[in-house]
Amino acid sequence: MRLEPIAAPGPMRRIGLPALALAATVVVACALSALAGANPARTLGLMITGAFGSKFALLETLNRATPLIFTGLAIAVAFKAKLWNIGAEAQLYAGALLTVLIGTQLGLPGPLAIPLMALGAIAAGALVLLGPALLKTRLGVDEVVTTLLLNFVMALFISYLLEGPLKDPMGMGWPKSPSIPRDARLPRIVDGLRLHWGFALALLCAAGVWVIQTRTTLGYEIRATGQNPEAARFAGIPVTRVIVKTALLSGGLAALAGFSEVAGLEGNLTTDLSASFGYTGIVVAMLALLHPLGVVVSALFVAGIFVGADSMSRAAEVPTYIADILLATALLFMVLAILLTKFRVVRG
């Protein structure tokens, strides 16, 4: 048996196979619920209700989806150019760090501090990914290794800062930074609930990335570089410059996740600020087939699984670890669907 490329996949392959992958994920969820001794239909219903069944649940899901949209966009942009950015977690923390430094050290009024914190976060995340991009283009160093290792470097650096020069003296011994002022935080969309305007910013970024990818020269160059860098170079596209621009865009988007978590939700920097948003962004981007608008839907799906699993666990006494298994299963099924979209299995 061998794989044969498909020149022009039909709509049944392009849409039907990914939909079938998600349906298979639901089947796995039901099977896992049954193995845990719960009623599969009730468990699935509890997950959906816990994620979308009330105003509070829906807003919590949107809130959880906000950083995932940013990191999913960062991964989608980079992967489109075959820049394998596995370091969104490091870029997120770099953005969070600059947000805290600008918000607590400069003493600026809120209307000026918020955009400056966002710009500082973007610059920090972009610079974190710029190094691996230059190593890839200049020396041929594998960016998977460099970006992955930077996650650990950044985690240790943040830990050092929070145990030392950036530690809040009023933190009662807990390693956290000083809090940014109230007027320098993103306002809440709904009073009394946690959803903030970082979600709206995430939607704007998704629309902006879609415009870049479909309506600009840079988007065309990113697609061409990702499909065949040698052919793109032969056609006159500056591949190295495109990779660098892609890295700056991708790193800046991931850093906005850190900005939104600090300025919109937590108010300070801690070592556990991110619930693996950088790594989960890879799943979000792959489920969305690297489409920026699909990233929004995918992030809502992933966030709904986590929020719904928390609610379901309390009601049905099923472990929340089912959410992690479901995400891994969904990713595996989606990768298989992508493969079968581009190739057909031929005997002989």
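The values are calculated or read from the model by the stated rules, or taken from the named source; none is laboratory data. What you see is a predicted model; the values in this text were computed from it and never measured. Counting neighbours? That spans all protein chains shown, and the Cβs are built from the backbone with ideal geometry, glycine included.
Counting the residues of segment 167-224 that are under 21 Å from Leu256 (Cβ atoms), in a loop (DSSP other than H, G, I, E, B) and either in contact with an Asp or Glu (Cβ under 9 Å, 6 or more places away or on another chain) or of a type in the set (S, T, N, Q) (or both) gives 5. Only one of the listed residues (Val100, Val128, Val77, Val141) is β-branched (Val, Ile, Thr) and not in a helix (DSSP H, G or I). That residue is Val141.
Within the span defined as segment 18-25, every residue fails to be free of Cβ contacts under 8 Å to residues at least 12 places away in the same chain, assigned to a helix (DSSP H, G or I) and surrounded by 15 or more Cβ atoms within 10 Å (Cβ to Cβ).
Tell me whether segment 154-175 contains one or more residues that are at pLDDT below 90 and either in contact with a helix residue (DSSP H, G or I) (Cβ under 6 Å, 6 or more places away or on another chain) or of a type in the set (S, T, N, Q) (or both). Yes, some residue in segment 154-175 is at pLDDT below 90 and either in contact with a helix residue (DSSP H, G or I) (Cβ under 6 Å, 6 or more places away or on another chain) or of a type in the set (S, T, N, Q) (or both). Within segment 162-187, the only residue that satisfies the criterion of being surrounded by fewer than 18 Cβ atoms within 10 Å (Cβ to Cβ) and under 25 Å from the mean Cα position of the chain (by Cα) is Pro187.
Just checking, does segment 287-295 include any residue being at pLDDT 90 or above, closer than 25 Å to Gly219 by Cβ, surrounded by fewer than 21 Cβ atoms within 10 Å (Cβ to Cβ) and not hydrophobic (A, V, I, L, M, F, W, C)? Yes, some residue in segment 287-295 is at pLDDT 90 or above, closer than 25 Å to Gly219 by Cβ, surrounded by fewer than 21 Cβ atoms within 10 Å (Cβ to Cβ) and not hydrophobic (A, V, I, L, M, F, W, C).
Looking at segment 28-50, is at least one residue over 30 Å from Leu130 (Cβ atoms), among the hydrophobic types (A, V, I, L, M, F, W, C), touching a residue at least 12 places away in the same chain (Cβ under 8 Å) and touching a Cys at 6+ places or on another chain (Cβ under 8 Å)? For segment 28-50, residues over 30 Å from Leu130 (Cβ atoms), among the hydrophobic types (A, V, I, L, M, F, W, C), touching a residue at least 12 places away in the same chain (Cβ under 8 Å) and touching a Cys at 6+ places or on another chain (Cβ under 8 Å): present. Checking the condition in contact (Cβ under 8 Å) with a residue 12 or more places away in the chain and among the charged types (D, E, K, R), which residue from Arg215, Arg241, Arg233, Arg223 passes? Criteria check complete, one pass: Arg223. Of the candidates Ala275, Ala303, Ala263, Ala309, the single residue that is small (Gly, Ala, Ser), farther than 22 Å from Val211 by Cβ and outside any helix (DSSP H, G or I) is Ala275.
Filtered by the rule that a residue be surrounded by fewer than 21 Cβ atoms within 10 Å (Cβ to Cβ) and either of a type in the set (Lys, Arg) or touching a strand residue (DSSP E or B) at 6+ places or on another chain (Cβ under 9 Å) (or both), segment 56-114 gives a lone residue, Lys82. Annotation note: of Leu156, Leu162, the sole residue that is of a type outside the set (Val, Ile, Thr), touching a strand residue (DSSP E or B) at 6+ places or on another chain (Cβ under 8 Å) and not in a loop (DSSP other than H, G, I, E, B) is Leu162. Number of residues in segment 281-319 that are free of Cβ contacts under 8 Å to residues at least 12 places away in the same chain, farther than 30 Å from Glu4 by Cα and not basic (Lys, Arg): the value is 2. Annotation note: of Leu62, Leu68, the sole residue that is within 30 Å of Ala184 (Cα to Cα), assigned to a helix (DSSP H, G or I) and touching a Gly at 6+ places or on another chain (Cβ under 9 Å) is Leu68. Is it true that Ala8 is surrounded by fewer than 16 Cβ atoms within 10 Å (Cβ to Cβ), on the phi < 0 side of the Ramachandran plot and not in a helix (DSSP H, G or I)? Yes: the conditions hold for Ala8. Just one of the listed residues (Gly219, Gly208, Gly264) is within 23 Å of the chain's Cα centre (by Cα), surrounded by 19 or more Cβ atoms within 10 Å (Cβ to Cβ) and either at pLDDT 95 or above or at negative phi (or both), namely Gly264.
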